[in-house]
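Structure first, then comments.
What follows draws every value from the coordinates through simple rules; no lab data is involved. Quick caveat: nothing in here was measured; it's all calculated off a predicted structure. Cβ: placed from backbone, ideal geometry, glycine included. Neighbour counts: every protein chain shown.
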Amino acid sequence: MKQIAPSILSADGSRLGEEIAAVEAAGADLIHIDVMDGHFVPNLTIGPGLIASLRKTTRLPFDVHLMIENPERYIDAFAKAGSDRITVHTEASIHLHRIISMIREKGIRAGVSLNPATPLAQVEPILPDIDLLLVMTVNPGFGGQKFIGGMLPKIAQAKKMIMAVAPEVFLEVDGGVTLKNILSIADAGADILVAGASIFGSGNYPETIGAMRALLTAPTVSV
Ligand code: DX5
Ligand code: ZN
């Protein structure tokens, strides 16, 4: 089943616990947490301390997306904070395979993310050793950006590559996912759909997540 992962980057930061509870009640599958260091991306967000506090507010898995340089320095801290999945960027990881092994040794699912301009070939050799591949469909750093249309063929290509090499790997898509494009992104092969502004900016989480779920589960009509 396809999964919906609200990104709390666009939530009301003064009420993060309540916001997480609200999207959980509205039917979210995962909580996507964007960690930014002001170096790899031109923005700063949260660290392991806050994640550890938020861990007490929900039973949903924490899908932690590290947009940071030298992620190997922080795997232990994010594991201890209660991450269920940790995704690192291939562009920020010199020894990517070693970092993936570090994550998995903690019993945590390991993900690798690619910026829009990074070719899929860069991760093909390590696909059998990861649990999820995250394809960025905006340039990382900010919520509320527009989906880069040229990424749809990349998503389809990523799915094809996964099915050929390591079919158990989940394909996650992050950036600019809305009610208007979620179906075409899912049809291209995404298993996990991250959505920040389109959920937290909607004013009605059950309605928005419900509408997304309906699109993702509707049977295909053949004529
Ligand atoms: C961008 C982050 C995304 C972002 C998605 O750097 O990785 O997770 O929050 O937000 P929307 O859905 O608003 O593009
Ligand atoms: Zn993200």
>> If S53 satisfies all but one of (1) out of contact with any strand residue (DSSP E or B) (no Cβ under 9 Å at 6 or more places or on another chain); (2) under 19 Å from A195 (Cα atoms), what's the number of the condition it fails?
In response: (2)
> Does V173 satisfy being under 26 Å from Y205 (Cβ atoms) and either β-branched (V, I, T) or not in a helix (DSSP H, G or I) (or both)?
Replying inline: yes
>> Could you list, ordered by first residue, the pairs with Cβ atoms under 7 Å in which the first is in the range 190-206 and in contact (Cβ under 8 Å) with a residue 12 or more places away in the chain and the second is of a type in the set (A, V, I, L, M, F, W, C) and near ligand 1 (Cβ under 8 Å from one of its atoms), at least 6 apart or interchain?
In response: L193/V177; V194/V177; A195/V177; G196/L9; S198/V177; Y205/I199
> Which of the residues belonging to the range 176-223 are near ligand 1 (Cβ under 10 Å from one of its atoms) and outside any loop (DSSP other than H, G, I, E, B)?
Replying inline: L193, V194, A195, A197, S198, I199, F200
>> Suppose we filter the range 72-87 for residues that are closer than 24 Å to N115 by Cβ and of a type in the set (D, E, K, R); how many remain?
In response: 4
>> So, L134, is that one assigned to a loop (DSSP other than H, G, I, E, B), within 13 Å of ligand 1 (Cβ to nearest atom), at negative phi and of a type in the set (A, V, I, L, M, F, W, C) or not?
In response: no
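Looking for whichever is touching a Leu at 6+ places or on another chain (Cβ under 7 Å), more than 15 Å from M102 (Cα to Cα) and surrounded by fewer than 21 Cβ atoms within 10 Å (Cβ to Cβ) here; the options are G49, G38. Which one fits?
On the way: G49 fails: touching a Leu at 6+ places or on another chain (Cβ under 7 Å).
Unique residue meeting the criteria: G38.
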> Which of (1) more than 16 Å from ligand 1 (Cβ to nearest atom); (2) part of a helix (DSSP H, G or I) does G82 not meet, given it meets every other one?
Replying inline: (2)
>> Looking at D34, D29, D63, can you tell me which residue is part of a loop (DSSP other than H, G, I, E, B), within 16 Å of ligand 2 (Cβ to nearest atom) and among the charged types (D, E, K, R)?
In response: D29
> From the set of residues in the range 158-179 that are closer than 27 Å to I199 by Cα and either more than 14 Å from the chain's Cα centre (by Cα) or among the β-branched types (V, I, T) (or both), which is surrounded by the most Cβ atoms within 10 Å (Cβ to Cβ)?
Replying inline: V173
>> Checking the structure you have, find out if any residue of the range 76-84 is within 16 Å of the chain's Cα centre (by Cα) and farther than 24 Å from Q3 by Cα.
In response: no
>> List pairs: first residue in the range 16-45 and free of Cβ contacts under 8 Å to residues at least 60 places away in the same chain and under 18 Å from G201 (Cα atoms), second residue among the charged types (D, E, K, R) and part of a helix (DSSP H, G or I) anywhere in the structure, Cβ distance under 9 angstrom, at least six positions apart or on different chains.
In response: G17/K56; I31/E24
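Here is a yes/no grid of residues against (1) within 16 Å of ligand 2 (Cβ to nearest atom); (2) more than 22 Å from F170 (Cα to Cα); (3) among the β-branched types (V, I, T):
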site: I182; (1), (2), (3): yes, no, yes
site: I185; (1), (2), (3): yes, no, yes
site: A188; (1), (2), (3): no, no, no
site: L193; (1), (2), (3): yes, no, no
site: F200; (1), (2), (3): yes, yes, no
site: N204; (1), (2), (3): no, yes, no
site: I209; (1), (2), (3): no, no, yes
site: R213; (1), (2), (3): no, no, no
site: T217; (1), (2), (3): no, no, yes
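Could you run through the range 101-146 and say how many residues are of a type in the set (S, T, N, Q) and buried (at least 17 other Cβ atoms within 10 Å of the Cβ)? Before you say what the answer is, go through the steps one by one.
Kept after step one, since they are of a type in the set (S, T, N, Q), are these residues of the range 101-146: 101, 113, 115, 118, 122, 137, 139, 145.
Retained after the next criterion (residues that are buried (at least 17 other Cβ atoms within 10 Å of the Cβ)): 113, 115, 137.
Matching residues across the range 101-146 total 3.
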